[in-house]
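The values are calculated or read from the model by the stated rules, or taken from the named source; none is laboratory data. Keep in mind it's a predicted model, so treat the numbers as computed, not measured. For neighbour counting, all protein chains shown are included, and Cβ atoms are generated from backbone atoms with ideal geometry for every residue, glycine included. These accessible areas exclude ligands, DNA and RNA; they are computed on the full protein's heavy atoms, side chains included. Shrake-Rupley method; radii C 1.70, N 1.55, O 1.52, S 1.80 Å.
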Amino acid sequence: MLTIENLHATVDGKEILKGLELTVPEGEVHAVMGPNGSGKSTLAHVLAGRPGYAITAGTVRFKGRDLLALSPEERAREGLFLGFQYPVEIPGVNNVYLLKAAVNAARKHRGLPEVDAFEFLTLVREKMRLMRMDESMLSRGVNEGFSGGEKKRNEILQMLVLEPALAVLDETDSGLDIDALKVVASGVNTLRAPNRSLVLVTHYQRLLEHIVPDRVHVLVNGRIVRSGDRTLALELEQRGYDWLIGEAA
Amino acid sequence: MSAAVLTRLRDEYGAARAALPGSVIDARRRSEAIEMLCAQGLPAGREENWRYTNLRILDRARFTPAQPSAEALPPLPEPLSGFARYVFVDGRLRSGATAPHGVTVRSLLSGSAADGTWRLASELPEARLALLNEAFATDAACIEVRSEAAGAGIELVFLAAAGADSGASYPRVRLALESGARLTVVERHVGVGEAPTLVNSAVRVELAPNAHLTHYRLQHCAARTAWFDTLTAELAADARYDLLAVGTGALASRSTVHARLTGRAAQLALSAAALGAAQQSQDMYALSEHLAARTSTVQTFRGIASDRSRVAFNGKIAVREQAAGTDSRQSLRGLLDGAQAEIDLRPQLEIYTDEVRCSHGATAGKLDENMLFYLLSRGIAPEVAQHLLKWAFLEDVVAKIELPQLRRQIEHGLVGRMSEAVALKELL
Ligand SMILES: Nc1ncnc2c1ncn2[C@@H]1O[C@H](COP(=O)(O)OP(=O)(O)OP(=O)(O)O)[C@@H](O)[C@H]1O
Ligand SMILES: [Mg+2]
């Protein structure tokens with residue numbers, strides 16, 4: 001699904017990703033952990049095509065295609081979804097309108113007709129119930145005035161409606177209360193499928209109790225310095241990152 | 001601005017005066033107006049409050065009113081249901097309707113000599129182009145509303161059809177609401193054709209105590225129109241004036257609004273949205289003069305300048321000595337959408353009394369990169385994402401349009417593809 005080789009990326013001339021390697025096979029859930037400032041969000045943004053990053057070396061293949069050659073909107077239509085660490089508030093752009101426009105953009109890309117408005121709303125309502133979101137949020141501006149946790153739920157709602165092939169969720173668990181974490185986790189779990197992959201960026205082992213990963217990677221100073229199974233997350237919880245930072249240096 | 005223009009203006013007036021209808025404005029008043037205007041001179045770019053207006057057009061303009069035309073009407077905006085529509089072509093009434101209960105609508109072209117004496121009553125130098133209208137006006141819509149008119153609707157459509165070679169058009173309106181009367185007016189300025197056109201409109205609003213006027217003004221003139229407009233309003237005690245202006249058309253547009261809040265607790269809400277594209281200039285000057293206690297003004301402006309256009313809003317709130325307890329709020333925002341576009345926002349506050357609450361904010365900037373990327377990351381095409389964000393930017397003004405049909409029309413005009421969002425909103 002996703003193959004990253006020797007990825008180097010700079011921001012304002014400063015190198016953040018320094019030869020990152022990561023492979024996520026179809027159907028798998030991978031967790032990426034690492035200290036603050038190690039480059040996790042940078043990786044997520046580079047994958048989604050955010051402007052402002054210079055890719056100085058390396059390749060990224062997504063479903064066999066050169067991901068870096070695609071524009072941000074093409075990546076999304078091809079089935080890449082980024083759940084933002086800090087979802088943006090867009091007052092005046094209707095939440096449900098964005099959802100529908102996003103769905104239709106992807107459908108058009110696949111040569112499908114526009115979604116039926118009524119069926120679409122039925123689907124959205126069903127997913128909202130799953131995310132325990134109040135229906136009134138639909139008619140509000142995108143994330144406008146949403147609490148931190150509500151914004152994260154809204155990200156997952158979008159993901160559930162868009163059904164991406166690969167979702168990169170950047171700290172979707174941060175800022176969630178214990179119940180919300182379960183809601184979000186069960187939402188994510190409903191998407192797990194043999195033809196779908198997930199990359200979870202997280203600081204907390206707790207999320208991984210609910211969404212059990214196939215692999216855990218540790219990102220330190222712009223590189224994956226260790227990979228393992230889910231027990232690696234438990235080990236990190238106990239030992240922190242210092243021992244790995246030492247190794248990386 | 002040279003003396004030659006004024007000489008020409010006088011000459012044109014001299015040649016036209018005999019044919020100008022006295023029932024619209026009496027001959028003496030017209031001559032006074034021309035003299036006053038010539039004494040002051042036409043507005044010039046070096047004057048602080050005219051800096052952003054495209055005034056060069058006046059150098060070459062032909063001021064003489066266009067001759068009445070009998071040409072068939074082009075397609076006009078869809079009429080608003082429940083509204084009585086009056087269509088004026090080049091400033092003359094073409095077709096009318098039955099006025100709603102409690103409302104009198106008259107074309108002064110067929111009025112009496114006594115009608116010709118009202119004027120705009122603003123000494124403000126910024127309002128002096130109304131004198132040009134006063135000198136040349138060929139007709140006037142006089143709308144009087146009695147208290148029994150509860151929420152009636154009038155639609156005025158001003159079509160500029162004549163090219164500038166054949167003359168200018170002078171829309172003129174007087175709106176007088178009696179004590180306690182309510183009215184909604186939709187005033188549209190539209191045009192046809194590719195020829196340059198000069199429009200000079202003048203509108204007078206008089207609100208008696210406790211009257212409430214909701215006034216939508218839509219400037220969708222043709223691409224090469226120069227639209228100069230002056231509106232003066234007088235608000236008595238507890239009167240409420242909701243004025244919402246949307247400007248998207250014309251090559252050069254300048255609107256001057258002078259509202260005087262003369263009665264205690266009078267309220268003015270002025271909301272304006274302007275879109276500039278290509279080489280357009282959209283300029284508005286709005287003065288709210290507080291002359292009585294506990295009066296209030298809310299000014300909201302949202303402007304988007306694209307390409308090489310220029311959008312300007314100059315909003316002044318003056319609180320005179322006798323206006324203790326005044327409450328005024330100003331929120332002016334501009335969006336720059338092009339390296340060569342220009343936005344000029346000027347909030348001005350002039351306070352001569354203590355005990356007032358005034359807040360104002362003015363910001364101009366570009367589209368938010370974070371918002372843009374968020375939309376792209378959801379698969380939205382860049383053009384659509386930009387449309388959406390512009391749309392969102394105007395929402396503070398557009399959301400104030402209380403007539404769904406009109407809002408839809410305006411939304412269509414503003415961002416063609418957004419009609420779907422509206423349909424969906426309603427479904428929810
Ligand atoms: N415009 C910029 N100029 C310079 N450095 C930047 C810029 N943007 C980000 N960085 C740096 O890049 C590094 C990686 O940031 P990134 O957001 O990817 O970290 P992260 O791993 O997601 O951290 P966190 O766990 O706190 O979310 C940080 O040191 C950050 O300060
Ligand atoms: Mg981060």
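Data table
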{"item": "Criterion: more than 10 Å from chain B (Cβ to nearest Cβ) and either within 13 Å of ligand 1 (Cβ to nearest atom) or touching a His at 6+ places or on another chain (Cβ under 7 Å) (or both) - qualifying residue of A:E28, A:E15", "result": "A:E15"}
{"item": "Residues within the stretch B:366-379 that are farther than 20 Å from A:L169 by Cβ and within 7 Å of another protein chain (Cβ to nearest Cβ), tallied", "result": "1"}
{"item": "Test: B:L389 is without any contact (Cβ under 8 Å) to a residue 60 or more places away in the chain, open to solvent by less than 30 Å² (accessible area, probe 1.4 Å) and closer than 25 Å to B:R346 by Cβ", "result": "yes"}
{"item": "Every residue from the stretch A:29-59 that is more than 13 Å from ligand 2 (Cβ to nearest atom) and more than 17 Å from the chain's Cα centre (by Cα)", "result": "A:P51, A:G52, A:Y53, A:A54, A:I55, A:T56, A:A57, A:G58, A:T59"}
{"item": "Candidate set from the stretch B:342-393 (those that are among the hydroxyl-bearing types (S, T, Y) and in a loop (DSSP other than H, G, I, E, B)); member that is farthest from the chain's Cα centre (by Cα)", "result": "B:S377"}
{"item": "Any chance A:F120 is on the phi < 0 side of the Ramachandran plot, within 13 Å of chain B (Cβ to nearest Cβ) and of a type in the set (F, W, Y)", "result": "yes"}
{"item": "Meets criteria (more than 7 Å from every other protein chain (Cβ to nearest Cβ) and farther than 22 Å from A:L191 by Cα) for A:E114", "result": "yes"}
{"item": "Enumeration of residues in the stretch A:61-76 that are open to solvent by 10 Å² or more (accessible area, probe 1.4 Å) and either within 16 Å of ligand 2 (Cβ to nearest atom) or within 21 Å of A:T172 (Cβ to Cβ) (or both)", "result": "A:P72, A:R75, A:A76"}
{"item": "Those residues of the stretch A:150-197 which are part of a loop (DSSP other than H, G, I, E, B), of a type in the set (A, V, I, L, M, F, W, C) and within 16 Å of ligand 1 (Cβ to nearest atom), in sequence order", "result": "A:L176"}
{"item": "Test for A:G64: is it away from ligand 1 (no atom under 12 Å from the Cβ), out of contact with any strand residue (DSSP E or B) (no Cβ under 7 Å at 6 or more places or on another chain), free of Cβ contacts under 8 Å to residues at least 12 places away in the same chain and more than 14 Å from every other protein chain (Cβ to nearest Cβ)", "result": "yes"}
{"item": "Selection status of A:L22, more than 8 Å from ligand 1 (Cβ to nearest atom), open to solvent by less than 10 Å² (accessible area, probe 1.4 Å) and over 15 Å from A:R226 (Cα atoms)", "result": "no"}
{"item": "Positions within the stretch B:395-405 being surrounded by fewer than 21 Cβ atoms within 10 Å (Cβ to Cβ) and part of a helix (DSSP H, G or I), in sequence order", "result": "B:E395, B:D396, B:P404, B:Q405"}
{"item": "Flag for A:L157 being away from every other protein chain (no Cβ under 11 Å) and buried (at least 17 other Cβ atoms within 10 Å of the Cβ)", "result": "yes"}
{"item": "One residue from A:L208, A:L169, A:L198 being within 16 Å of ligand 2 (Cβ to nearest atom) and surrounded by 15 or more Cβ atoms within 10 Å (Cβ to Cβ)", "result": "A:L169"}
{"item": "Criterion (surrounded by fewer than 23 Cβ atoms within 10 Å (Cβ to Cβ) and farther than 30 Å from B:V384 by Cβ) met by exactly one of A:G79, A:G52, A:G58", "result": "A:G58"}
{"item": "All positions within the stretch A:13-58 that are of a type in the set (A, V, I, L, M, F, W, C) and without any contact (Cβ under 8 Å) to a residue 60 or more places away in the chain", "result": "A:V46, A:A54, A:I55, A:A57"}
{"item": "Which numbered condition A:Q85 misses (of (1) of a type in the set (S, T, N, Q); (2) away from ligand 1 (no atom under 16 Å from the Cβ); (3) part of a loop (DSSP other than H, G, I, E, B))", "result": "(2)"}
